[in-house]
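The values are calculated or read from the model by the stated rules, or taken from the named source; none is laboratory data. These numbers were taken from a predicted model, which means no experiment stands behind them. A quick note on method: Cβ atoms are made from the backbone with ideal geometry, for glycine too, and the neighbour counts reach across all protein chains shown. For the accessible areas, the whole protein counts, side chains as well, though only heavy atoms, and no ligand, DNA or RNA atoms are used. Shrake-Rupley method; radii C 1.70, N 1.55, O 1.52, S 1.80 Å.
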Amino acid sequence: MTVTEQRPSGEVGRDRRRKEDARLITGRTSWTDNLSLPGMLHLAILRSPMAHARITGIDVTAARGAPGVVDVFTGPDIADLQGAMPCIWPVTEDTVLPVYPPLALDEVRHAGEPVAVVAARDRASALDALELIEVGYEPLPVVLDMEAALADGAPLVHEAAGTNRCYTWILDSAQAGTGGDVARAEAEAEVVVRRRFIQQRLIPAFMEPRSTVVDPTGDQITMWSSTQVPHVLRILLSLGTGMPEHKIRVIAPDVGGGFGGKLEVTPEEFIAFAAARRLHKPVKFTESRSEAMLSAHHGRDQVQDITVTARRDGTVTGMSAKLLANMGGYLGIIAPGIPILGAFMYGGIYKFPAYRFECTGVFTTTTKTDAYRGAGRPEATFALERIMDELAAELDMDPLELRRRNWIDSSEFPFTTAAGLTYDSGDYAAATARATELFGYDALRQEQAARRASGDPVQLGIGVSTYTEMCGLAPSRVLGQLRYAAGGWESAAVRVLPTGKVEVVTGTSPHGQGHETAWSQIVADQLGVGFDDVEVLHGDTRTSHKGLDTYGSRSLAVGGIALVNACQRVVEKALPVAAHLLEADPADLEFAEGAFRVKGAPGAATKTMADCAFAVFQSHDLPDGVESTLDADATYDPENFSYPHGTHLCAVEVDTETGMVKVRSYVAVDDVGRVINPLIVEGQVHGGVAQGIAQALFEEARYDEDGNLTTGTFVEYTIPSSADLPDIVTDRTETPAPGHPLGAKGVGEAGTIASTPAVVNAVVDALRPMGVTDVRMPCTPERVWSTIVAARAAGGEGR
Amino acid sequence: MTRISMTVDGVRYDDDVEPRTLLVQHLRDRLGKVGTVVGCDTSNCGSCTVLLSGTSVKSCSVLAVQADGADVTTIEGLAGADGELHPVQTAFHEQHGLQCGFCTPGMIMASVDLLTENPDPTDEEIREGLEGNLCRCTGYQNIVRAVHAAAESMRTSVPSTPEGAEAAEGVTT
Ligand code: FES
Ligand code: FES
């Protein structure tokens, strides 16, 4: 038999409207907080107002007596039950892994840390009773700045660790044998450019606050949670609390956004789990937005010292990145690994012969950090694309020309970088050509020159970002080498029902990405069934017992292959059935255009998957040895990452009198390989670019000197509204991923990775004649204005 | 406790509520109208938007007792009795104006109100009109597109003018 490449119904590549929408636009969605169980108690959490303190005593007497209150407990009360929060990515042998109790035992290490819990008959009573709890705190010194934290004699976040250094991780191409020596490159360099970039702390700010409901029944327990990672959560609940895995069921119902912010196993989940076991009753905890801003993990927060070396003709000769990465007061599940996900990307699409990366993770008395959209790769891409612009300025070269001289040519793939990655495919010239055409690059440069010449108070800046990313996380073998505790495979199961309808169970766990739609398109083509005949099930460990969930632009790039493989197994299983029904030899059949037929006999009788399914259901006269099922599952472990790439161009107008930045136009040309659903891909790019622009221009999580978060609401954090963001122009080039049966590369993070440097490069470009060589993010009017003032004072040309 | 009576999505409810109960809590916790959601505690996000006697309000910034006697429409009551979607709902679906969908109930209700006030808004009027409704997923571009599409289909659904008939062809389905 041959399975032809043909896609009978041609679903893949179509702009299908999403299946998910029907419930979302009518208010029939299953958010975790909608759930109410008989006898369910509501939890409220008292959080530390101090960034660092010893707890000297907690008096819960008054709270216990409050109306509606059923129980009040503290960390020591549930010490045996609560377990400890896990970190599953100690990146070095000596990574410091501090004890992380879900509910504080005797010390708090960031403002917002859970200190006591009330369980009451309703939420209002639980919240009221919090105010009756008395906690004694003995203040300890706060540690906010990373360099200060590493200085000798600095106060310690974790006394027992004896240091605030969590780890130092190094990748050196000379030592690894993947490239030259950066010190030598620097000694021989004709040009050296150094910059320090600050990746400000961000808040993922998913729109649905996190919520969890726990229902203990006998010795089993079910947890609903607003999470990206129900499978990971189940395993870690088991390992962290000692409750056997097979007794735990985790359900992620509809989840309202994540962006890495729900790629976490949280103290709140562990506390609710413990409360349900303590009280033998269902419990619910839903955080307020203020709690989410304060204590759900933050992202970024790195200091990057970057050195690039080059020859005068623009050829780059070395790249070195030295990072400090803020871990916060405790370690999130994969926090140490976040900068390491960027470690391989500081060379981007350019042929750096020598490369060195070093990152030190640092504890401070702040909210823990962990994954946020892009996770390590936006930081890397930002630093690289920013310093390429600085190098271009140093060489007095057009930034696009500098990139052209250094990028990997499409004929050079597969290409192994000095960081040791093998890029499989790409066409950077094609994406750039398309982007510059849509953008009107030359015309904008002319306008810029005219505005400069006329001394226009509103200056035009043009920013370039030619990025690639490694996504499709991840080859298990590589994760093992990086000391990550889990694998990177994904699974899928396909079941053809007796009436020919198809149920798909995926191990991915969508929260806005539209897997129900895209997976249906893939299956429709693979099995020759209708788009509406496929139902995609996800996010419940009882139906989907095996999976590694959704993050790192992995769902299609990895889970999509598992799905295709499972479909192909179903076709193989159906083959003898079809042959039997057609009274033909299986070897003579082909499966094409959705049906089995005798090869080379157009117009001959055919049998569809539905015919085979019903015959299998009846099983009246199946040939010997044919099983009564058309179900199959598959697990796929990628051999390599996938490498989407693209060129983003941004034009900004900067009012030099007010510091106001306005994005005038934005073009994103992305190559994400073969596209299953262009509508969904465009939506991912829109949202990704919006979040990248938000980092460039608007958002920053700030602490005061006592370690209190001062950006605890959407307004203070300045999350952009519809009035703040521009329309963007999107387009695609397409170099299919070799080795991927669908040719897909992943798109979830691309927009965020590419856009931040494009915007900041544009802002700096607008101001460069004034002597400005960097503007710290976010480029708010105040910051831009004060940068201009400082540059003028330092003797920039002025306008 | 105060006795209040309101009509929600066409059904009348009489309840005793505590004076401090917010309208959104009343809708969700008492009446089971969980289609309306809560995204913040500072009246910033607009997720909780409903129509209160025809005008959009953030239901987290109104007390239940203030809605005594009012006619409330939530996302659950927007479609016709036969399940026929409101043009704004259809447009959000057609234009991919939602991803996770958490902001969507509020965004749709705010858009309905915006189009009642201004049946033919410009891009800028839409962006400014929806400023109080935050979305973290879409970057707003397809939401703006959806509101335009809804405006067009609502104008053309009164099939009187020749321009109306012409415009109807432009609506993607
Ligand atoms: S819940 Fe955020 S404005 Fe009402
Ligand atoms: S669609 Fe997710 S917040 Fe708007």
Residue in region B:67-99 that is nearest to residue B:40 (Cα to Cα), counting only those that are assigned to a helix (DSSP H, G or I) and either charged (D, E, K, R) or within 16 Å of ligand 1 (Cβ to nearest atom) (or both): B:75
Residue satisfying all of: in region A:335-386; outside any loop (DSSP other than H, G, I, E, B) and of a type in the set (Lys, Arg); surrounded by the fewest Cβ atoms within 10 Å (Cβ to Cβ) among these: A:386
Helices (runs of 4 or more DSSP H) within region A:55-146 that include 2 or more residues over 35 Å from the mean Cα position of the chain (by Cα) and under 24 Å from residue A:292 (Cβ atoms): A:123-130
Residue satisfying all of: in region B:21-37; open to solvent by less than 20 Å² (accessible area, probe 1.4 Å) and assigned to a loop (DSSP other than H, G, I, E, B); nearest to the other protein chains (Cβ to nearest Cβ) among these: B:35
Single residue of region B:124-143 satisfying the filter (in a helix (DSSP H, G or I), without any contact (Cβ under 8 Å) to a residue 12 or more places away in the chain and away from ligand 2 (no atom under 14 Å from the Cβ)) that is nearest to residue A:663 (Cα to Cα): B:124
Search result, residues across region B:10-20 that are touching a residue at least 12 places away in the same chain (Cβ under 8 Å), more than 23 Å from the chain's Cα centre (by Cα) and outside any loop (DSSP other than H, G, I, E, B): B:15, B:16, B:17
Scope region A:639-648; condition open to solvent by less than 10 Å² (accessible area, probe 1.4 Å) and not in a strand (DSSP E or B); matching residues: A:643, A:644
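Considering only strands (runs of 3 or more DSSP E) fully contained in region A:200-312, which possess at least 1 residues that are within 16 Å of ligand 2 (Cβ to nearest atom)?
A:211-217
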Residue B:7, sole failed condition from (1) away from chain A (no Cβ under 13 Å); (2) within 13 Å of the chain's Cα centre (by Cα): (2)
Exclusive hit being within 30 Å of residue A:735 (Cβ to Cβ) and either among the aliphatic types (A, V, I, L, M) or not in a loop (DSSP other than H, G, I, E, B) (or both), set A:632, A:651, A:610: A:651
Every pair of residues 6+ apart whose Cβ atoms lie under 9 Å, when the first sits in region B:87-101 and is facing chain A (nearest Cβ under 7 Å) while the second is among the aromatic types (Phe, Trp, Tyr) and not in a helix (DSSP H, G or I): B:100/A:206
Among (1) open to solvent by 10 Å² or more (accessible area, probe 1.4 Å); (2) not in a strand (DSSP E or B), the one test that residue A:691 misses: (1)
Answer from A:474, A:486 - the residue that is in a loop (DSSP other than H, G, I, E, B), open to solvent by less than 10 Å² (accessible area, probe 1.4 Å) and either under 30 Å from residue A:351 (Cβ atoms) or out of contact with any strand residue (DSSP E or B) (no Cβ under 6 Å at 6 or more places or on another chain) (or both): A:474
Close pairs (6 angstrom Cβ cut-off, 6 or more residues apart or separate chains): without any contact (Cβ under 8 Å) to a residue 60 or more places away in the chain in region B:44-64, open to solvent by 30 Å² or more (accessible area, probe 1.4 Å) anywhere: B:48/B:38; B:48/B:58; B:53/B:71; B:60/B:22; B:60/B:43; B:61/B:43
Matching residues, region A:654-672, being part of a loop (DSSP other than H, G, I, E, B) and under 28 Å from residue A:459 (Cα atoms): A:656, A:657, A:658, A:659, A:660
Candidates B:83, B:139, B:129 - the one that is within 30 Å of residue A:729 (Cα to Cα), within 9 Å of another protein chain (Cβ to nearest Cβ) and open to solvent by 30 Å² or more (accessible area, probe 1.4 Å): B:129
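Looking at A:739, A:712, which is the one that is in a loop (DSSP other than H, G, I, E, B), open to solvent by 10 Å² or more (accessible area, probe 1.4 Å) and closer than 21 Å to residue A:260 by Cβ?
Working: A:739 fails: closer than 21 Å to residue A:260 by Cβ.
Going through A:739, A:712 in turn, just one is in a loop (DSSP other than H, G, I, E, B), open to solvent by 10 Å² or more (accessible area, probe 1.4 Å) and closer than 21 Å to residue A:260 by Cβ: A:712.
Conditions (1) farther than 30 Å from residue A:16 by Cα; (2) open to solvent by 30 Å² or more (accessible area, probe 1.4 Å); (3) within 16 Å of the chain's Cα centre (by Cα); (4) within 16 Å of ligand 2 (Cβ to nearest atom), marked per residue:
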site: B:47; (1), (2), (3), (4): no, no, yes, yes
site: B:50; (1), (2), (3), (4): no, no, yes, no
site: B:53; (1), (2), (3), (4): yes, yes, yes, no
site: B:59; (1), (2), (3), (4): yes, no, yes, no
site: B:66; (1), (2), (3), (4): yes, yes, no, no
site: B:74; (1), (2), (3), (4): no, no, yes, no
site: B:88; (1), (2), (3), (4): no, no, yes, yes
site: B:91; (1), (2), (3), (4): no, no, yes, yes
site: B:98; (1), (2), (3), (4): no, no, yes, yes
Single condition residue A:546 does not satisfy, out of (1) open to solvent by 10 Å² or more (accessible area, probe 1.4 Å); (2) assigned to a helix (DSSP H, G or I); (3) under 27 Å from residue A:227 (Cα atoms): (2)
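Quick one: count up the residues across region A:24-58 that are of a type in the set (Lys, Arg) and facing chain B (nearest Cβ under 8 Å).
Number of matching residues: 1.
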Filtered residue count, region B:100-123, keeping only those that are crowded, with 24+ Cβ neighbours inside 10 Å and part of a loop (DSSP other than H, G, I, E, B): 4
Subset of region A:411-431 [surrounded by 16 or more Cβ atoms within 10 Å (Cβ to Cβ) and of a type in the set (Ser, Thr, Tyr)]: A:417, A:423, A:425, A:428
